[in-house]
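The values are calculated or read from the model by the stated rules, or taken from the named source; none is laboratory data. Note that the structure is a prediction, hence the values are computed from the model and not measured. Here the Cβ positions follow ideal geometry from the backbone for every residue, glycine too, while neighbour counts run over all protein chains shown. For accessibility, only protein heavy atoms count, side chains too; no ligands or nucleic acids. Shrake-Rupley method; radii C 1.70, N 1.55, O 1.52, S 1.80 Å.
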Amino acid sequence: MNQVFIILMNGITYGGLLFMCASGLTLVFGLMQVVNMSHGIFYLVGAYVGLTVQQRTGSWLLGILTGGIVTALVAFLLKISLFERVLGDSQRETLLTLGINLIISDVILAIFGGTPRNVVAPERIRTSVDLGISRYPLIRILILIIAVAEGIALFLLIRKTRMGQYIRAGVDNKDMTAALGVNIKLVFTFVFLLGGFLAGSSGVLGGTYLSFTQGFDATILTYSLVVVIIGGIGSLGGAALGALMVGLIDSITKATIPNLSMISIFGALMVVLAFRPNGLLGKGAKR
Amino acid sequence: MTPILKVEDLHVYYGGSHVLQGVSMELERGMTAIIGRNGMGKTTLVNAIMGLAPTRAGSVFLEGARITGLPPYLIARKGIGYVPQGRKIFPSLTVDEHLRFAARPVPGGWDAEKVYGLFPRLRERFRQSGTNLSGGEQQMLAIGRALVTNPKLLIMDEPSEGLAPVIVDQLISFCETLKQTDMALVLVEQNLTFARAVSDQVNVMLTGRFAYQDSFEALMADHALTHQLIGVG
C-alpha cells in the first residue's frame, strides 16, 4: 500500500515538473510552429544558474527566480538574433535549435564539469511530511503545488487577458490575427520569454530533487515533446493531461519493469495518436 | 482628390507561376466589385494588398501613402479591414472576444455593441465559440470583427460563398447599410447577382490582369464581353 502510494505520488509530482517545463514548449510550438529543440537546454541553463546563485547567496528562492529570468533572457536573445532568421523553415529551425543545444551543452561542460549536481533546498524543506498513508518528501509536494499554481496562472493569462486572446487567436491563425492589426511578432517574443522563464525555473525546481548533468537536457526535451504531442500542440490543458500521464507511466514502469519505461511512454504516445492524431486536446479535437 | 486605395502595376509570383501580372486599380468611396472565375488571382490580389502575399514589383497606396512591404499588422492599423475568404473564425475565441480583442475604437465608430445591434443573433450566442455558429452567422461575425477595427477601407473576399440565398439577401441589405457610411468597400465575388446588386464599379480579373474596369451596367449590357470574361450571357 505504502509502495503503491509513493509510486503514484512520484508519478504525479514528476508530472507537475514536466508540465512546468512543457507548458512553455507547447505555447511556442503552437503559436510559432517552431519545434524548439533548445527547450531542454533551457531547463539545464536554469538549473545551473539557479545552482550558482543558490551557492553564492544561500537563497533557494532567489536561485529559482534568477534561473528563470536568466533563461528567459537567453531565450529572448536567441530569438531576436537567430530564430527569427529561420522562422517558417522547419528544417533550418530544427538544425539551428539543435545546434544551439550542443553549443550551450559544451559550455556547461566546460564551466561546471560532468559530475551530476543538485540544487540544495533550505533545511526546513529537506524533510518529509505525513500524508496519512505514508510520509512523503516535502520538496516534491511543493513542486506539485507550484506546478498547479503555475497552471492556474497560465490558464488565467490565456483565458482572461488581452494577451491571452492574442495568443489563442495566433495559435488558431497567425495571418488572420496579424491582418486584424495585432503585432504577432511581439506576441511571439512575449511567449518565448515566458517559455524560457518557465523552463529555466522548472530546471531549478526539478534540480532540487532530480540531480542533473550535461546531457540531461535530452531526457527533459524528449519527455516534454511527448507531453506536448500527447496533449495537443498549443493546448495548456492538454499539456497538463499529457504531463500527468507521462509522469505516472514513467513512475509506474520504473518501479515495476524499468527496462520498459521508455517503450511504454512512446507506446502511450502511439496509442493517443492512433485515436487522436492531433493529441488529446489539440486542434481538430473537441474542446 | 487622392483615391482611398491605389494599386499600381502589381506583380506577384508563387514559386515560378506569375499570379498577378501587372494589376492596377484606383478606388474612391462606395463599393467596388472585383469579379472573375476561379484561379484568376482575386484572392492573391487581396492578400498582396494586406501584405500576406509577397509582391515582386509594383505598389499599393492607401490614401496616398505607400503600404507595400509593410507587415500585415501595420497595414491593418493604417486602416484596412479584412474579411477573408472562408471567414477564418478563430475556434479558440468566443463570439464576444472576436468583437473585442482587436477592436480599435474611435468616437462614434464601430464597436461590439453596434455590431450586436445589427446582428442580434450574435449577441444571443456571445459566449459560444465562433465556430459553433451557422455559416451566415460566421460571416456576420467575420465582418463585425473587421468593422470594430474601424477601417477606412473594408475588403470582403467572397462573403456569399456557401451561404443560402436568403442569407445572401441579408448580406445585400447589410452592404447597403455599410455604403451609407464613409467607409470604402471592396467586394471580391463569384456571385454575380450579389455583386451587381450592391456595387456600381466593377473590375473583372482574367488570368492575373484586369480585363475590364468600368461600370457594372456597361459590362452587363455587352453580352459578348460578359461571355468572354466571366462565361455568362
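On average, how many beta carbons from a partner chain sit within 10 Å of the beta carbon of a residue in B:65-77?
3
Based on the Cα atoms of segment A:20-221, what semi-axes does the equivalent ellipsoid have, where each is the square root of 5 times one gyration tensor eigenvalue, given in whole Å with the largest first?
Computed over segment A:20-221, the values are 31, 22, 13 Å.
Considering only protein heavy atoms, with the full assembly of protein chains and a 1.4 angstrom probe, order A:L102, B:L20, A:L8, A:L248 by accessible area, largest first.
Heavy-atom accessible area, descending, gives A:L102, A:L8, A:L248, B:L20.
Scanning chain B for helices, which whole DSSP H stretches are 15 Å or more long along the axis (Cα) and average 0.5 or more by Kyte-Doolittle?
Span-like helices in chain B: B:165-179.
Once the Cα atoms of the protein assembly as shown are picked out, what are the Rg and Dmax in Å?
For the protein assembly as shown, the Cα radius of gyration and maximum Cα-Cα distance read 27.6, 91 Å.
How big is the convex hull of the Cα atoms of segment B:1-83, per residue, in Å³?
Details: hull volume 7.9 nm³, N = 83.
Dividing the Cα hull volume of segment B:1-83 by its residues yields 96 Å³.
What ranking do B:40-52, B:207-219 get when scored by the average of other Cβ atoms within 10 Å per residue, highest first?
Numbers: B:40-52: 23.4, B:207-219: 16.0.
The most tightly packed comes first, giving B:40-52, B:207-219.
Distance cut-off 23 Å, Cα to Cα: go down the list A:K79/A:K160; B:K78/B:K179; B:K42/B:K114; A:K185/B:K6; A:K283/B:K88; A:K174/A:K283 and report the pairs above it.
Correct reply: A:K79/A:K160; B:K42/B:K114; A:K185/B:K6.
Of A:L186, A:V28, B:T193, which is farthest along the charge dipole of the protein assembly as shown in the positive direction, counting Lys and Arg as +1 and Asp and Glu as -1 at C-beta?
Checked the options; the winner is A:V28.
Kirkwood Rh over Cα pairs of segment B:176-233 into Stokes-Einstein at 37 °C, 0.692 mPa s: D in µm²/s?
After rounding, the answer is 268 µm²/s.
About its Cα centre, what dipole magnitude does chain A give when the only charges are +1 on Lys and Arg Cβ and -1 on Asp and Glu Cβ, stated in debye to the nearest 20?
That gives chain A a dipole magnitude of about 540 debye.
Using Cα pairs closer than 8 Å and at least 6 residues apart in sequence, work out the relative contact order for chain A, in percent.
37 percent
Mind checking which of A:S59, A:L205, A:T219 is farthest towards the positive end of segment A:20-221's charge dipole, using Cβ charges of +1 (Lys, Arg) and -1 (Asp, Glu) about the Cα centre?
Value computed over the given set: A:S59.
Quick one: give the max-minus-min coordinate of the C-alpha atoms of segment A:55-94 along each principal axis, largest first, in Å.
Result, largest extent first: 44, 15, 12 Å.
So what are the radius of gyration and Dmax for the Cα set of segment A:72-154, in Å?
Looking at segment A:72-154, its Cα Rg and Dmax stand at 19.5, 55 Å.
Where Lys and Arg each count +1 and Asp and Glu each count -1, what net charge lies around B:E124 among other residues with Cβ under 15 Å from its Cβ?
Here the count lands on +1.
What residue among B:P71, B:L147, B:Q180 has its Cα farthest toward the positive end of the dipole of chain B, where the charges are +1 on Lys, Arg and -1 on Asp, Glu, each on the Cβ?
Among B:P71, B:L147, B:Q180, the one farthest towards the positive end of the dipole of chain B is B:P71.
Please list B:E161, B:E189 in order of solvent-accessible area, largest first, computed with a 1.4 Å probe with all protein chains present.
From most accessible down to least: B:E161, B:E189.
When the Karplus curve 6.51 cos²θ - 1.76 cosθ + 1.60 is applied with θ = phi - 60°, which whole-Hz ³J(HN,Hα) does each residue of segment B:65-80 get, with x for Gly and Pro?
Values, residue by residue: 9, 6, 10, 4, x, 6, x, x, 5, 6, 4, 4, 5, 6, x, 10 Hz.
Out of all Cα-Cα pairs in segment B:94-233, roughly what percent, to the nearest whole number, are more than 17 Å apart?
Every Cα pair in segment B:94-233 considered, those over 17 Å come to 63 percent.
Can you return the aspartates and glutamates within cross-link range of B:K152? Criterion is Cα-Cα under 13 Å, with same-chain partners fewer than 8 residues away left out.
B:E28, B:E63, B:D182
How big is the Kirkwood radius of segment A:180-287, worked out from every pair of different alpha carbons and given in Å to one decimal?
Numbers: mean 1/r = 0.0649 Å⁻¹.
That comes to 15.4 Å for segment A:180-287.
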